[in-house]
Amino acid sequence: MSIKNNKDKLIIFDTTLRDGEQSPGVTLTVNEKIEIAKQLSRLGVDVLEAGFPVASQGDFDAVERIATEVGPLT
């Protein structure tokens, strides 16, 4: 049964890494973003918005490394 058809499953969708740096005074390194992504994966987050890669080369690099080093969350 796919998740789309399973109405009994709660899907956790996290935007911490995408929205977090939009808060005043918050700056995360790529390594910090990877560690946060790993922790969110360990917590069972289903969907993670890792960033907005078109915004900057730094965001692109972070999203690429998260996809490679953390991989799919589900």
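Observations on the model:
- Residue check for Val70: modelled with pLDDT under 90 and either surrounded by 10 or more Cβ atoms within 10 Å (Cβ to Cβ) or at positive phi (or both): yes
- Among the residues of region 34-58, those that are closer than 11 Å to Thr15 by Cα and either open to solvent by less than 40 Å² (accessible area, probe 1.4 Å) or assigned to a helix (DSSP H, G or I) (or both) comprise Ala37, Leu40, Val45, Leu48, Ala50, Gly51.
The values are calculated or read from the model by the stated rules, or taken from the named source; none is laboratory data. Just so it is clear, the structure is predicted and the values come from calculations on it, not from any experiment. Note: ideal-geometry Cβ built from the backbone for every residue, glycine included; neighbour counts use all protein chains shown. Remember, those area values only see protein heavy atoms, side chains included, never the ligands or the DNA or RNA. Shrake-Rupley method; radii C 1.70, N 1.55, O 1.52, S 1.80 Å.
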